[in-house]
Amino acid sequence: MQLEDTLWAGLTDTHVKLPMALTAENLAAKYNITREDCDRYALKTQQRCKAAQDAGYFNAEMAPIEVKTRKGKETVEKDEHPKPQTTPEQLAKLPCVFKKDGTVTAGNASGVCDGAGA
């Protein structure tokens, strides 16, 4: 039996054999989507996620787990990827990842996590 890491496969546009981030850059150019548009959408998404977490919308889907860390045992009770403290200023400072004057940054793109390639 051979296992396949489908996370990386999911982060590749299989039609053109490019990383999805480059596909995002190409679509941004085609449809005149600016870096600022992407950052605004990313900020709104972070705010919506926090509001949903605060309202308990994800509670039925979450199961707390205990993990060992360097500092001892910790209980993880919610998705660690969202960054609700994100500000527009922080997003604006992040460098573009795939193109010098592009739109995709670490702050406005999906993180490399299990849901990213879905």
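The values are calculated or read from the model by the stated rules, or taken from the named source; none is laboratory data. Everything quoted here is computed from the prediction, not taken from an experiment. For neighbour counting, all protein chains shown are included, and Cβ atoms are generated from backbone atoms with ideal geometry for every residue, glycine included.
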Open item on the list: Six or more apart or on different chains, Cβ atoms under 8 Å: show the pairs whose first residue is in region 1-17 and within 18 Å of Val112 (Cβ to Cβ) and whose second is modelled with pLDDT under 80 and outside any loop (DSSP other than H, G, I, E, B).
Closed with: none
- [ ] Could you check how many residues of region 65-105 are within 30 Å of Ala28 (Cβ to Cβ) and either in contact with a Pro (Cβ under 8 Å, 6 or more places away or on another chain) or of a type in the set (S, T, N, Q) (or both)?
- [x] 7
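For region 1-25, enumerate the residues that are more than 21 Å from Pro82 (Cβ to Cβ) and surrounded by 14 or more Cβ atoms within 10 Å (Cβ to Cβ).
Within region 1-25, Thr12, Asp13, Leu18, Pro19, Leu22, Thr23, Glu25 meet the criteria.
Would region 21-33 turn up any residue that is touching a residue at least 60 places away in the same chain (Cβ under 8 Å), outside any helix (DSSP H, G or I) and either closer than 21 Å to Gly107 by Cβ or hydroxyl-bearing (Ser, Thr, Tyr) (or both)? Write out each step before concluding.
To start, the set of residues in region 21-33 that are touching a residue at least 60 places away in the same chain (Cβ under 8 Å) comprises 21-22, 24-25, 28, 33.
Narrowing the set further to residues that are outside any helix (DSSP H, G or I) leaves 33.
Subsequent filtering for residues that are either closer than 21 Å to Gly107 by Cβ or hydroxyl-bearing (Ser, Thr, Tyr) (or both) retains 33.
Checked region 21-33: at least one residue is touching a residue at least 60 places away in the same chain (Cβ under 8 Å), outside any helix (DSSP H, G or I) and either closer than 21 Å to Gly107 by Cβ or hydroxyl-bearing (Ser, Thr, Tyr) (or both).
From the list Glu74, Glu66, Glu25, Glu36, which residue is at pLDDT 90 or above, of a type in the set (D, E, K, R) and in contact with a helix residue (DSSP H, G or I) (Cβ under 9 Å, 6 or more places away or on another chain)?
Numbers: Glu74 fails: in contact with a helix residue (DSSP H, G or I) (Cβ under 9 Å, 6 or more places away or on another chain); Glu66 fails: in contact with a helix residue (DSSP H, G or I) (Cβ under 9 Å, 6 or more places away or on another chain); Glu25 fails: in contact with a helix residue (DSSP H, G or I) (Cβ under 9 Å, 6 or more places away or on another chain).
Result of the check over Glu74, Glu66, Glu25, Glu36: Glu36.
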- [ ] Working only within region 38-55, note down all residues that are without any contact (Cβ under 8 Å) to a residue 12 or more places away in the chain and part of a helix (DSSP H, G or I).
- [x] Lys44, Thr45, Arg48, Ala51, Ala52, Asp54
Open item on the list: Can you tell me which of (1) assigned to a helix (DSSP H, G or I); (2) in contact with a helix residue (DSSP H, G or I) (Cβ under 9 Å, 6 or more places away or on another chain) is the one Thr105 doesn't meet?
Closed with: (1)
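Looking at Val97, is it at pLDDT below 95, farther than 17 Å from Arg40 by Cα and in a strand (DSSP E or B)? Don't jump to the end; show me each part of the working.
Numbers: at pLDDT below 95: yes; farther than 17 Å from Arg40 by Cα: yes; in a strand (DSSP E or B): no.
Criteria not met by Val97.
The rows are residues; the columns are (1) of a type in the set (Phe, Trp, Tyr); (2) in contact with a His (Cβ under 9 Å, 6 or more places away or on another chain); (3) surrounded by 12 or more Cβ atoms within 10 Å (Cβ to Cβ).
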residue	(1), (2), (3)
Cys38	no, no, yes
Leu43	no, no, yes
Gln46	no, no, yes
Ala55	no, no, no
Ala63	no, no, no
Asp79	no, no, yes
Pro95	no, no, no
Phe98	yes, no, yes
